[in-house]
1. May I ask for the Rg/Rh ratio of the chain, computed from Cα atoms with Rh as the Kirkwood radius, given to two decimals?
2. Suppose accessible area is computed on protein heavy atoms with a 1.4 Å probe; arrange 137, 230 from highest to lowest.
3. Probe of 1.4 angstrom, ligands and nucleic acids ignored: what's the accessible area per residue over the chain, in square angstrom?
4. Apply the Kirkwood formula to segment 120-248: the hydrodynamic radius equals the inverse of the mean of 1/r over all pairs of different alpha-carbon atoms; give it in Å with one decimal.
5. Taking all protein chains as present, what is the carbon and sulfur share of the accessible area of the chain, in % to the nearest whole number, probe 1.4 Å?
6. Give the average over all directions of the projected area of the C-alpha convex hull of segment 46-119, one decimal, in nm².
7. Report the residue, chosen from 237, 213, 118, that carries the largest GNM mean-square fluctuation when the chain is represented by alpha-carbon nodes joined by springs under 10 Å.
8. For residue 12, list long-range residues whose amide hydrogen, built 1.01 Å from N in the peptide plane, is under 5 Å from its own amide hydrogen.
Amino acid sequence: MLLSLVVPCFNEEAVLSTFHETIREELKDIGADVEICYVDDGSSDGTLRILRELAAKDPAAKFVSFSRNFGKEAAMLAGLEQATGDAVVIMDADLQHPPELIPRMLDLHLKGHDQVIARRSREGDKRFRSFLSSSYYKLVNRWVDVELVDGVGDFRLLSRKALDALLSMREYNRFSKGLYSWIGYDSVLFEYKNVTRELGQTKWSFGKLLNYALDGLISFNNRPLRVAIYFGLMLSALSLVYTMILVGMAIVQGVQTPGYITIIAAVTGLGGLQMTMLGLIGEYIGRIYYETKNRPHYLVRESTEDHRVPVPQTAAAVSIRETSADMFPRGAGR
Ligand code: UDP
Ligand code: MG
C-alpha cells in the first residue's frame with residue numbers, strides 16, 4: 001500500500017522543513033509506504049530551494065514547481081496528478097492540518113471509506129469571520145445542488161477510485177469543495193480541534209475569500225440565472241399593472257404632474273436590478289469563455305522528473321528496442 005500526500009505550497013519557506021520532518025516522524029510506523037508530492041505554486045521566497053533540498057535528501061519527496069502563482073486549486077490538481085498512491089491525503093503546508101490525524105484517516109479508509117474528511121472546529125477564528133462563513137454555508141446549501149459542510153476543507157483522504165473520479169473532471173473553474181461532494185462515494189467525517197497558523201502568514205485576503213465564496217455559489221448550477229429571470233418577469237408584470245393604473249387614473253382624473261419620486265425610484269431601482277442581472281449573466285459567460293479556451297490549469301517550470309538521473313541503457317536493452325522497432329515499423333497497422 002502506498003499513501004501519497006499532496007501539499008500545495010505558496011511562500012511557505014518558514015514552515016516547510018518543519019513540516020517535512022513532522023510528517024516523516026509522524027508517519028514512521030504507519031504501515032504503508034509514503035510519498036510526499038509538494039507543489040510550489042510560483043512562490044517568490046525560498047520555497048523552491050527548500051523543495052529541491054528535500055527531494056535530494058529524501059526519495060519519498062517529489063515536487064512540481066509552477067511558472068507563476070496559479071492558485072491553490074491548480075496546485076492541488078497538479079499534486080493529485082503527480083500522486084501515484086493507492087490513497088492520497090491533501091493537506092496544507094502550514095501544519096494547520098494536524099499530521100497525527102493521518103493514521104486515523106488511513107484506518108477509516110481501510111475499513112472501506114472512499115473519502116475520509118476531517119472537519120475543523122471554528123475555535124480561535126475571528127468571531128465575525130466565523131459568523132460570515134456559517135451564514136454563507138446556509139445560503140450556499142439552499143442554492144447549490146451539492147452539499148457543503150461548514151468547517152470542511154481540503155484536508156481529507158481520497159481513495160484511488162475517488163481520486164480518479166476527481167481527476168476526470170477537467171473544468172477550468174475548479175471549486176474543490178463542490179467537486180468532492182459531487183463525486184459522492186462512501187464518505188465519513190470526523191472533527192478535530194482547529195489549529196492556528198504559527199509560522200508564515202495566511203494567503204487569503206478578505207477579497208480572495210469573497211471571490212472564492214462567489215465561485216462556490218456559481219460553479220454548481222444555473223439557479224442564480226433562473227432567479228434573475230423570475231425576478232425580472234415579476235417586476236415586468238408589476239410595472240405593467242402600475243402603468244395600467246396610471247393610465248386609468250389619467251383617463252378619469254386628467255393628467256397630473258406629481259410622480260417625480262415614483263419615476264426616480266423606478267429608474268434607479270430597475271437600473272440597479274438590471275446591472276445585477278447583467279453581472280450575473282456576464283459571470284456565466286465569463287466561465288464559458290474560460291472553459292472554451294481549454295487552457296492548461298497550470299504550467300510547470302521544474303519538477304523532480306528533471307532531476308532524476310537517466311538510467312544508463314545496457315547493450316541488451318538497446319538491441320531489444322531496435323528489434324521491436326523493426327518488427328513494428330512506425331504507423332504500420334497501428
Ligand atoms: N496556497 C497555494 N496557493 C495559493 C494560496 C495558498 O498553494 O495561491 C497553499 C498554502 O501554501 C497553504 C494552503 O494553500 O499550504 C492554505 O493556505 P493558507 O494557510 O494561507 O490558508 P488558510 O489556512 O489561512 O485558509
Ligand atoms: Mg493555513
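1. 1.14
2. Correct descending sequence by accessible area is 230, 137.
3. Normalised by residue count, the accessible surface of the chain is 59 Å².
4. About 17.9 Å for segment 120-248.
5. Here carbon and sulfur together make up 60 percent of the probe-accessible area.
6. 6.1
7. Maximum fluctuation in the GNM of the chain, among the listed residues, is at 237.
8. 47
The values are calculated or read from the model by the stated rules, or taken from the named source; none is laboratory data. Owing to the predicted nature of the structure, the values given are computational and were not obtained by experimental measurement. As a convention, Cβ positions derive from the backbone with ideal geometry for all residues, glycine included, and neighbour counts pool all protein chains shown. Side chains are part of the model used for accessible areas, which takes the heavy atoms of the whole protein and leaves out ligands, DNA and RNA. Shrake-Rupley method; radii C 1.70, N 1.55, O 1.52, S 1.80 Å.
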